[in-house]
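Below: one structure, written as structure tokens.
Coordinate-derived values only; no laboratory data. In this text, all values refer to a predicted model and were calculated from it rather than measured experimentally. Methodologically, a virtual Cβ is constructed for each residue, glycine included, from the backbone with ideal geometry; neighbour enumeration extends over all protein chains shown.
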Amino acid sequence: LMFGVSAETQAHGGGNGEGQEIFATAMGRWLNVTELEALLTPESTPLPVSTCKPPSPPPSGTLILYDRSVTRNYKDDGYEWVKKRNSHKVREDHVKLRVGGRFRVAGCYVHCVTNATLHRRAYHLLNPETGTALNPPTSSASAQLQRSANGDAIPGRNQPSLILVHYLDTQIAALHSAK
């Protein structure tokens, strides 16, 4: 199940009220750190976790939540992204966003080759104490091995490794915000 935010999706009324509000926001601007934290927290997110690769290509305003340990091909979206010089790899710009002076969310930004105003941002939560990934992706086999000597699960190891992907065409967003 995927939640692409478009005028058509909103017109058909999918999702709950909180989800609809965040989708409307995602159509017109990038989300702020507080909004990102809420969407990336498994207990509070109104978004379902997708296990499929994104629709090809996702429209501007699309928000998709993935578990990185289940869905590895979330970047296979049908767009052509700017590559590094003399390389076949996509150029990714990385940033860590702070709340109260502590790193809370990491972001990865890419730019489209064919549409200069289209960007993809992917976010995941950080451990506020260390600034490292909160729940790094693990395979299901290694996740089963994350148990103490007496067989009890190690706290925090069963949490999904969530990543939120947001597609936004800034030109379309400006028109949406002007309405």
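Say the cut-off is 29 Å between C-alpha atoms; which of LYS53/LYS84; LYS96/LYS179; LYS53/LYS83; LYS75/LYS179; LYS53/LYS89 go over it?
Details: LYS53/LYS84 23 Å; LYS96/LYS179 32 Å; LYS53/LYS83 21 Å; LYS75/LYS179 31 Å; LYS53/LYS89 19 Å.
From the list (LYS53/LYS84; LYS96/LYS179; LYS53/LYS83; LYS75/LYS179; LYS53/LYS89), the Cα-Cα distance tops 29 Å for LYS96/LYS179; LYS75/LYS179.
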- Task: Would you mind checking which residues have amide H under 5 Å from LEU97's amide H? H placed 1.01 Å from N; only 5 or more apart, or other chain.
- Result: ARG104, VAL105, ALA106, GLY107
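If I stretch the segment between LEU97 and ASN32 completely, what's the gain in nm (0.36 nm per residue apart, minus their alpha carbon distance), one decimal? Mind showing how you got there, number by number?
Details: separation 65, 0.36 × 65 = 23.40 nm, distance 0.93 nm.
Contour length minus Cα-Cα distance gives 22.5 nm.
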- Query: ³J(HN,Hα) across the range 49-62 via Karplus (A = 6.51, B = -1.76, C = 1.60, θ = phi - 60°), whole Hz, x for Gly/Pro?
  - Reply: 8, 8, 10, 10, 5, x, x, 10, x, x, x, 4, x, 5
- Estimated inter-spin distance, ALA178 and ALA133, nm [label 7 Å along Cα→Cβ]: 4.1 nm
